[in-house]
Each structure stands twice: as C-alpha cells, then as structure tokens.
Amino acid sequence: MKNTLGLFILFLSSFVSAQTDFPLPSELSEISGLEKWNDSTLIAINDGGNEPILFLLNLSGQITRKINITNATNIDWEAIAMDENYLYIGDFGNNLNERKDLCIYRVNRSDIAILNEVTAEKMSISYREQKEFPPNNHDRYFDAEAMTYFEGQLWIFTKNSTKPFDGLSFIYMVQFESNQTKTLSKVTELKLNRTSYLKDAVTSACTQNNSMILTTYNRMIKLEFQKQGMTKSNLYFYPHIQQVESCVAIGPGTFFISNEKNNFLGPAKFTKLQLP
C-alpha cells in the first residue's frame with residue numbers, strides 16, 4: 001500500500017442493542033491492551049511503570065492466571081496483538097514524543113499456554129518522520145497506543161498530540177524480526193476530525209474479519225479495505241467521553257472495550273458491547 005492510498009470517508013453510526021459493564025480488579029487499574037485468547041478467555045496488560053505481566057481473564061474481568069515476562073521491561077506498554085503463533089506487545093507509549101527506546105516484544109503463544117514465566121524476543125523501532133525529540137508542538141505525531149495484526153503485518157496507529165490538534169494519525173506497518181532495529185516509514189495518514197485530543201486521538205485497534213476497529217475516547221471507528229482504498233465509518237459513539245484504552249472483537253458484532261481507572265470517570269472496567 002502506497003502513500004497515495006485513498007481515504008473514502010463514510011459517516012455511519014450504529015446503536016448498541018446491549019451494553020454490560022464489569023468492574024476490573026485493582027491489579028488492572030491501568031489496563032492498556034486487550035486481546036482474545038480463546039472463546040472464554042481474554043489477555044490483558046497494564047501500561048507504563050507496572051510489572052511486565054500478562055493477565056489472563058475470564059469474560060467477567062476476573063483474573064484467572066498471571067504470566068511474568070522475565071526479560072522484558074514495561075516502560076510504557078500500550079497495546080497487544082496476536083497472530084496464530086505469537087503475542088506482540090507494543091512498548092511505544094510516548095506521551096511527550098521524546099523516547100528513543102521504542103520497541104515491540106514477541107512471546108510464543110505455546111509458552112503462554114503452559115508457563116507462568118516466559119521470555120520474549122525484542123525488536124527496536126523508530127519512526128523515520130521524527131527528526132526531533134521532542135518535536136515542535138505542531139509535529140507531535142509519535143505517541144502510539146494502537147496496534148493490531150492484519151494481513152501478515154503489525155499495524156501501528158499513532159496518537160495525535162499536536163497543538164493545535166489537527167486530527168491526523170500516522171499509520172505504520174512492520175513485520176517482526178527478532179533482535180533487529182527497524183526504522184519505520186509512514187505508509188499513509190488517517191484523517192480524523194480537527195476536534196480535540198479527547199475526541200479524535202486513536203487509543204486502540206483490533207481486527208475483525210477483513211476490517212479493523214479503532215477507538216478514541218469518543219467513538220469506535222471501522223476501517224474496511226476495498227478496491228478503491230480504505231474506507232472509514234463511525235461504528236459507535238459512546239454515551240459520554242470515556243478513557244477507552246483497548247478493544248477486542250470476540251464475535252459477530254460483539255466487542256469488549258476497557259477503561260483504565262480515572263479520578264473523574266471512575267474505576268477500571270470492561271464494557272461488553274453488542275452492536276446490531
């Protein structure tokens with residue numbers, strides 16, 4: 001896919017037919033990544049400054065098992081993704097756009113299935129477009145909280161913190177190579193509204209069949225890939241602003257989104273959404 005990739009914007013919204021909230025334990029008060037492990041189990045991580053632990057959860061948000069990654073450090077874990085064989089962890093949270101130690105970890109799924117302590121492979125990354133650390137306020141595109149595995153590659157969507165806010169998310173793609181350092185080049189830009197960081201900064205991504213779902217603090221967005229390019233549509237608007245940090249599709253029209261603890265918005269929780 002080239003830089004000339006077209007973005008055809010459709011504005012469609014769905015109403016939720018069912019919504020159920022589940023409180024999360026205090027150990028997951030800073031949940032930042034979520035994936036479907038199997039039909040009855042989810043896997044989650046906390047963000048920066050916490051232990052390098054993977055949490056297995058049932059669909060009510062209760063912890064069933066914890067797996068420690070013995071050779072990893074959680075500087076700012078912000079996203080997880082999976083393929084058939086591996087779990088990927090994005091340690092690329094970069095609120096101030098000043099980090100030079102961004103990386104992605106990879107853990108074998110067969111190890112996670114049976115062990116309580118595992119080791120990870122590591123790939124260091126940087127963004128070719130970032131020239132200064134930090135850049136000027138109007139060039140702060142290099143925080144990231146969203147990653148998903150799609151069509152053989154990891155897709156990373158950056159979280160815009162420009163001032164003034166211009167609504168752009170940079171899209172990067174990469175194939176994991178252990179013990180390598182990769183400089184990623186922007187594939188294209190996703191244009192969201194020029195509203196605010198609280199409405200149109202991308203906070204997570206997940207894959208559903210042949211499409212991708214992105215979240216902001218305001219809504220869920222569906223990306224589809226057709227002959228004419230990538231189309232974007234609004235899948236669901238939240239009833240109010242939420243600190244949504246992760247999402248996962250668990251069935252047709254069924255999603256879990258997670259909120260980390262927030263002094264104004266309440267405790268950490270899962271929300272199960274059933275869309276028509």
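The values are calculated or read from the model by the stated rules, or taken from the named source; none is laboratory data. Nothing here was measured: the structure is a model prediction, and the numbers come from that model. Using ideal geometry, Cβ is built from the backbone for each residue, glycine included, and neighbour counts are taken over all protein chains shown.
No other residue among N46, N71 is touching a Ser or Thr at 6+ places or on another chain (Cβ under 7 Å), surrounded by fewer than 17 Cβ atoms within 10 Å (Cβ to Cβ), modelled with pLDDT of 95 or more and not hydroxyl-bearing (S, T, Y) apart from N71. Of the residues making up region 78-96, those that are more than 19 Å from Q208 (Cβ to Cβ), out of contact with any Lys or Arg (no Cβ under 7 Å at 6 or more places or on another chain) and part of a loop (DSSP other than H, G, I, E, B) number 6. Name the residues in region 117-135 that are within 15 Å of N71 (Cβ to Cβ) and in a loop (DSSP other than H, G, I, E, B), would you? Answer for region 117-135, where residues must be within 15 Å of N71 (Cβ to Cβ) and in a loop (DSSP other than H, G, I, E, B): T119, A120.
Tell me, yes or no, whether region 108-117 has at least one residue that is closer than 23 Å to D47 by Cα, without any contact (Cβ under 8 Å) to a residue 24 or more places away in the chain and of a type in the set (G, A, S). Taking every residue of region 108-117 in turn, at least one turns out to be closer than 23 Å to D47 by Cα, without any contact (Cβ under 8 Å) to a residue 24 or more places away in the chain and of a type in the set (G, A, S).
Considering only residues in region 81-109 that are over 12 Å from the mean Cα position of the chain (by Cα) and among the aromatic types (F, W, Y), the one that is surrounded by the fewest Cβ atoms within 10 Å (Cβ to Cβ) turns out to be Y86. Within region 123-146, the set of residues being in contact with an Asp or Glu (Cβ under 9 Å, 6 or more places away or on another chain), under 21 Å from V174 (Cα atoms) and without any contact (Cβ under 8 Å) to a residue 60 or more places away in the chain comprises M123, S124, E129, Q130, K131, Y141, F142, D143. Among the residues of region 29-45, those that are of a type outside the set (A, V, I, L, M) and in contact with a strand residue (DSSP E or B) (Cβ under 9 Å, 6 or more places away or on another chain) comprise S29, E30, S32, G33, E35, K36, W37, D39, S40, T41.
Would you mind telling me which numbered condition in (1) more than 14 Å from the chain's Cα centre (by Cα); (2) modelled with pLDDT under 95 S196 fails? Failed condition: (2). Among residues of region 13-42 that are part of a strand (DSSP E or B) and at pLDDT below 95, those with a Cβ under 7 angstrom from a residue that is buried (at least 16 other Cβ atoms within 10 Å of the Cβ) and among the aliphatic types (A, V, I, L, M), sequence gap 6+ or separate chain, pair up as Q19/L273.
Looking at the structure I just gave you, is M230 at pLDDT below 95, closer than 21 Å to Y149 by Cβ and crowded, with 18+ Cβ neighbours inside 10 Å? Yes. Of all positions in region 121-136, none carries a residue that is surrounded by 17 or more Cβ atoms within 10 Å (Cβ to Cβ), touching a Leu at 6+ places or on another chain (Cβ under 7 Å) and under 19 Å from T231 (Cα atoms). Among strands (runs of 3 or more DSSP E) entirely within region 168-276, having at least 2 residues that are among the hydrophobic types (A, V, I, L, M, F, W, C) and either closer than 24 Å to E35 by Cβ or touching a strand residue (DSSP E or B) at 6+ places or on another chain (Cβ under 9 Å) (or both) singles out 168-174, 204-208, 211-215, 219-226, 229-237, 244-251, 254-259, 269-274.
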